[in-house]
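> Below: one structure in structure tokens.
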Amino acid sequence: MTRQDHEAFGPQDGVDVAIPATLPRLPGLDHTLTMLRQGYDFIGSHCDRLGVDGFRIRLLGQDAVCLRGPEAAQLLYGTEGLTRKGAMPATVLRLLQDKGSVQQLEGEEHRRRKGLFIRMLMDKDRLDRLVHGFEAAWRAQLRPDMDITVMDLANTALARAACHWVGLSPNKRRMARLTRILFAMSDRAGHFGPATLATLWQRRGVERWIASEIRAGRMPEGSPMAILSQDMPPKVAAVEVLNLLRPIVAVGRYIAFAAKALHEHPIWCGLFNSGNADYIPDFCEEVRRTSPFFPFTAAMTERDVIWQGATIPAGTRVIFDIHGTHHDSRFFPQPDRFRPERMLDWTLDDPAFAPQGTGDLATTHRCPGEAATLALMSSAVRMLCCEMRYEVPDQDLSVRMNRIPAQPASGVRIRVQAID
Ligand code: HEM
């Protein structure tokens, strides 16, 4: 049974939306602070109120258009005339992808660089090595009777596995520091202030260290670091190495959301534990749909672009609402219900499901790390359900929807009882 068959059973309680020839404008001089205050719900709630799928705002003193739904996803992941250059605030860009990275390239240059990422991240043997490294580092931390948060357990294991996988060999002290910085790079991306500046500063230090390792040729042959450094100067290769390390560690946030879902829907752990591990990817996909992670992605129009009959002028920032699209009942009936039976699957062409972008991997800015994300999440869920017994003490598992990126407040604290 496909996702569409499943969804047909759900009530279609969606909002009817009109398609205006010009997009309505939110009243007010600038909406940056409102957007930060309302966080993940900003675009969806205004779309619902106005009965539209798109509206205009002023963001950081410039015109911007906010859109939701599969057609909006297709606009950002498949339409000519858009660029990622200038689309994100400077601090967000510098903490996440950074200047000179694949995400800032377009056309032939982008295709060529993206080809390297696809080669590194879609190869089964390479992915298996990453997952095995992650599992070994996860198991090495566990002791019976210990208290630990799933977020810390996952972050530490992911950072260790990612560093070795790319070809770095940091000593113990540097590894602990790297783990903190790699986590902070995505954790601070939605914030502005002294801690964000400190993380930017620390990121520069890590970049310099990686570039010096590359210049000294300290990396195994055939490793991602070696592949990247054959194709670009050490400084750019260091940025792209961080574009592998940082998001691999960020998968820990999804793993924490998965642990929260396992706790809240214990039937699934029982199922996985009794020989039905094949359903783990469906579970993880539903975690990716329901968890607030990337709220939006953004692009700039380089020329006038038509969307649902409305003209979006050249030089406009276009923001696609990932979270709102995933919680829109027209595309996901009863969107607030956690239902792995939806059988979501990133390999199917479904533009409504775009946690890491959508569209053609080679030619759009869709994330090349989806196979890795799914493999790492699935491995963590399997280890939580099938390799250990633990209890979840009383704690605050709530998720603040105006904290970007969001997380379960406690990080999901567990008390390990036994390791099988
Ligand atoms: C933690 C889970 C992840 C999330 C939520 C995520 C999210 C995203 C999103 C939304 C984009 C599209 C950005 C845009 O449209 O401008 C993207 C692009 C990208 N992601 Fe991920 N990602 C994740 C994991 C990974 C992993 C594991 C890797 C690599 C190891 C990775 C590497 C990249 C790269 C290199 C791009 C830029 C692609 C391009 O511009 O063509 N991501 N990611």
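The values are calculated or read from the model by the stated rules, or taken from the named source; none is laboratory data. Bear in mind the structure is a predicted one, so any value in this text is a computation, not a measurement. Please note: Cβ atoms are built from the backbone with ideal geometry, for glycine as well, and neighbour counts cover all protein chains shown. Side chains are part of the model used for accessible areas, which takes the heavy atoms of the whole protein and leaves out ligands, DNA and RNA. Shrake-Rupley method; radii C 1.70, N 1.55, O 1.52, S 1.80 Å.
> As a check on your grasp of the helix formula, calculate [θ] at 222 nm for the chain: sum -39500 (n - 2.57) over DSSP H runs of n ≥ 4, divide by the residue count, round to the nearest 500.
Calculated from helices alone, the mean residue ellipticity at 222 nm is -15000 deg cm²/dmol.
> Hey, another quick one. Once both labels are modelled 7 Å past Cα along the beta-carbon direction, what's the residue 143-residue 22 spacing in nm?
Going by the 7 Å Cα→Cβ label model, 6.8 nm.
> Continuing with this model, one more query. Quote the FRET efficiency, to the nearest 0.05, computed for residue 264 versus residue 169 with a Förster distance R0 of 35 Å and r equal to the Cβ-Cβ distance.
0.30
> Moving to a separate point now. Place a +1 charge on the Cβ of each Lys and Arg in the chain and a -1 charge on the Cβ of each Asp and Glu, then give the dipole magnitude about the Cα centre in debye, rounded to the nearest 20.
1960
> Identify the chymotrypsin sites (Phe, Trp or Tyr not before Pro) of the range 160-239 meeting these criteria: DSSP loop state and at most 14 other C-beta atoms within 10 Å of the C-beta.
Passing both the DSSP loop test and the Cβ count: 192.
> What number comes out for accessible area per residue over the chain if the probe is 1.4 Å? Units Å², please.
Normalised by residue count, the accessible surface of the chain is 43 Å².
> Then there is this: Once both labels are modelled 7 Å past Cα along the beta-carbon direction, what's the residue 62-residue 348 spacing in nm?
According to this spin-label approximation, the distance is 3.7 nm.
> With a sphere of radius 12 Å drawn around the Cβ of residue 213, what net charge do the other residues whose Cβ falls strictly inside it have (Lys, Arg +1; Asp, Glu -1)?
+3
> If DNA, RNA and ligands are ignored and the probe is 1.4 Å, what is the ranking of 174, 330 by accessible area, most exposed first?
Per-residue accessible area, sorted high to low, gives 174, 330.
> Could you pull out the trypsin sites (Lys or Arg not before Pro) across the range 254-328 that fall in loop regions by DSSP (anything but H, G, I, E, B) with no more than 12 other Cβ atoms inside 10 Å?
Sites meeting the loop and neighbour criteria: 303.
> Ok, one more. So how do 265, 365, 326 rank on accessible area, 1.4 Å probe, biggest first, that is with the largest at the start?
Per-residue accessible area, sorted high to low, gives 265, 365, 326.
> When each pair of different Cα atoms in the range 328-407 is counted once in the 1/r mean, what is the Kirkwood radius in angstroms, to one decimal?
Evaluated over the range 328-407, this radius sits at 15.8 Å.
> Hey, another quick one. What percentage of the solvent-accessible surface of the chain, computed with a 1.4 Å probe over protein heavy atoms, is contributed by carbon and sulfur atoms?
Of the solvent-accessible surface of the chain, carbon and sulfur hold 53 percent.
> Compute the signed sum of charges (Lys and Arg +1, Asp and Glu -1) over the other residues within less than 12 Å, Cβ to Cβ, of residue 72.
Once all neighbours under 12 Å are counted, the net charge is -3.
> So which lysines can residue 235 reach, going by Cα to Cα under 27 Å and dropping same-chain residues fewer than 8 places off?
Counting by Cα, and skipping residues close in sequence, residue 235 has these lysines nearby: 85, 99, 114, 172.
> Given a 1.4 Å probe and the protein chains all in place, what does the accessible area of residue 392 round to, in Å² to the nearest 10?
Counting only protein heavy atoms, the figure is 40 Å².
> Moving on to the next point. Treating each Cα of the chain as an identical point scatterer and ignoring solvent, apply the Debye formula and state log10 I(q)/I(0) at q = 0.06, 0.09 Å⁻¹.
Debye output, listed in q order: -0.24, -0.55.
> May I ask you to derive the relative contact order of the range 292-420, considering only C-alpha pairs under 8 Å and at least 6 residues apart, and to give it as an integer percent?
Worked out over the range 292-420, it gives 20 percent.
> Take the chain, connect every pair of alpha-carbon atoms lying under 10 Å apart with a spring to form a Gaussian network, then pick out the residue of 376, 33, 361 with the largest mean-square fluctuation.
Per the Cα network of the chain with a 10 Å cutoff, 33 tops the list.
> Given an 8 Å cut-off on Cα distances and at least 6 residues of separation, report the relative contact order of the range 3-419 as a percent.
With pairs under 8 Å counted, the relative contact order is 28 percent.
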